[in-house]
Amino acid sequence: MLLAWVRDIVEGVESFVVGMGSTARFAYENWSGKATGAMTLEYPAQKQAMPAAFRGHLFNNVSNCITCKLCAKACPVDCFVIEGERNEENKFRTSRFDIDLTKCIYCGLCTRACPTDCLTMQGGFELDPVNTVNQRGQRFLFTQRPDQLDVRLEGAEVDRLLRVSSLKPGEVGAEDRAFLDRIEDPRGTAIIAKFGVGYYTADEVKQVDARREELKKAKEAQAAAAKAAADKAKAEAAAKAAADALASAPAQEPKP
C-alpha cells in the first residue's frame with residue numbers, strides 16, 4: 001500500500017513536470033514571436049491557416065439554383081428551407097433558400113448532391129451576424145429568436161432590413177426599431193442564413209401570375225389558330241385532291 005502511494009505521487013509529479021515543460025516552451029515561443037509549433041493563438045489577432053480541403057460555412061449562389069431540393073434530401077439534419085415560384089414564363093425560380101446554421105453539421109453531403117454546383121462550402125470558419133456579407137454585397141446572417149425562424153422576408157423587407165441594419169443605434173426610428181425587432185433580435189440564440197433575397201412581393205406575385213396567364217392564353221390562342229389553319233389547309237388539300245381525281249377519271253359510256 002505504501003509503495004503504491006509513493007508510486008502515485010511520483011507519477012503525478014512526473015506528469016506535472018512534463019505538462020509545465022510544454023506550457024513553458026509554448027509560452028516562450030509565443031513571447032519571442034517564434035510560435036511555429038504553439039498550440040495557443042491570440043485569437044482574433046492571430047488566426048489559424050485553414051487547409052484547402054477545409055469545410056467551412058455553406059453558401060448558395062441562388063441565381064444558379066434550380067430548386068431541385070436534392071440538397072435538402074441529402075441533408076441528415078434537415079437544416080434547409082427551400083421554396084420556389086413560377087415566373088412570367090412559367091419557369092421555376094428559387095424564391096427562398098434558408099440554411100439554419102444552428103443545425104448544420106458541415107458534412108458536405110448537400111454540396112455533392114447539388115447538380116449545378118451552386119451550393120459550396122466556404123473556406124472561412126468565422127461568420128459575424130452583423131458584418132458578414134454574401135457575394136452580392138448583402139448581409140445574409142440574422143440573429144433570431146426561435147419564434148422568428150419561420151419569418152419569410154419579401155424583397156421590400158430584405159431591402160429595408162439591410163438599410164436599417166446599417167444604421168447606428170441612435171439613428172433607428174421607432175417604426176424601424178419595431179420592424180427590426182420583428183425580423184431579428186440581437187439577444188437571440190439562433191443564427192439562420194437568409195440566402196433567398198429574391199422573393200416576390202405580394203403585388204409582384206399578382207403581376208407575374210397575370211402576365212403568365214396572358215402568355216398562356218396567347219400561346220393557346222396561337223396554337224388554336226395554327227391548328228385551325230392546318231385543318232383548313234388539310235380540308236382544302238383533300239377537296240382539291242378529290243376534284244382532281246374526279247376530273248382525271250375516264251368518262252363511262254352508257255350501256256345499250
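The values are calculated or read from the model by the stated rules, or taken from the named source; none is laboratory data. This is a predicted model, so every value here is computed, not measured. Please note: Cβ atoms are built from the backbone with ideal geometry, for glycine as well, and neighbour counts cover all protein chains shown.
Out of the residues in the stretch 70-87 meeting the condition of being surrounded by fewer than 17 Cβ atoms within 10 Å (Cβ to Cβ) and acidic (Asp, Glu), tell me which one is modelled with the lowest pLDDT.
Only one residue fits best here, namely Glu83.
For the stretch 165-184, give me each residue that is in contact (Cβ under 8 Å) with a residue 12 or more places away in the chain and not aliphatic (A, V, I, L, M).
Ser165, Asp176, Phe179, Arg182, Glu184
Right, Ile9: modelled with pLDDT of 85 or more and part of a loop (DSSP other than H, G, I, E, B) or not?
Criteria not met by Ile9.
What is the one condition in (1) closer than 30 Å to Arg93 by Cα; (2) assigned to a helix (DSSP H, G or I); (3) at pLDDT 70 or above that Asp185 does not satisfy?
So the condition that Asp185 fails would be (2).
Any residue in the stretch 13-35 that is under 23 Å from Gln46 (Cα atoms) sitting within a Cβ distance under 7 Å of a residue that is modelled with pLDDT of 75 or more? List the pairs, counting only those 6 or more apart or interchain.
Ala35/Glu29
Do we have any residue at all in the stretch 17-37 that's in contact with a Leu (Cβ under 9 Å, 6 or more places away or on another chain), under 30 Å from Gly108 (Cβ atoms) and not basic (Lys, Arg)?
no
Using beta carbons and a limit of 9 Å, which pairs, at least six apart or on different chains, have the first residue in the stretch 216-240 and modelled with pLDDT of 90 or more and the second one part of a helix (DSSP H, G or I) and surrounded by 10 or more Cβ atoms within 10 Å (Cβ to Cβ)?
Listed by first residue and then by second, the contacts come to nothing, as the list is empty.
Can you tell me which residue is modelled with the highest pLDDT among those in the stretch 26-69 that are surrounded by fewer than 16 Cβ atoms within 10 Å (Cβ to Cβ), closer than 22 Å to Thr116 by Cβ and of a type in the set (A, V, I, L, M, F, W, C)?
Ile66
Could you tell me whether Ala72 is closer than 21 Å to Pro115 by Cα, part of a helix (DSSP H, G or I) and not charged (D, E, K, R)?
Spelling it out, Ala72 is indeed closer than 21 Å to Pro115 by Cα, part of a helix (DSSP H, G or I) and not charged (D, E, K, R).
Identify all residues within the stretch 79-111 that are in contact (Cβ under 8 Å) with a residue 24 or more places away in the chain, part of a loop (DSSP other than H, G, I, E, B) and over 22 Å from Phe54 (Cα atoms); write none if there are none.
Within the stretch 79-111, Asn87, Glu88, Glu89, Asn90 qualify.
Within the stretch 19-32, is there a residue that is under 43 Å from the mean Cα position of the chain (by Cα), assigned to a loop (DSSP other than H, G, I, E, B) and farther than 29 Å from Thr143 by Cα?
Checked against the condition, which is being under 43 Å from the mean Cα position of the chain (by Cα), assigned to a loop (DSSP other than H, G, I, E, B) and farther than 29 Å from Thr143 by Cα, the stretch 19-32 yields no hits at all.
For Thr94, state whether it is touching a helix residue (DSSP H, G or I) at 6+ places or on another chain (Cβ under 8 Å), under 30 Å from Lys206 (Cβ atoms), of a type outside the set (Asp, Glu) and at pLDDT below 85.
yes
Please count how many residues of the stretch 61-120 are farther than 30 Å from Asp209 by Cβ and among the small types (Gly, Ala, Ser).
3
Kindly check whether there is at least one residue in the stretch 120-143 that is modelled with pLDDT of 85 or more and either in contact with a strand residue (DSSP E or B) (Cβ under 9 Å, 6 or more places away or on another chain) or not aromatic (Phe, Trp, Tyr) (or both).
yes
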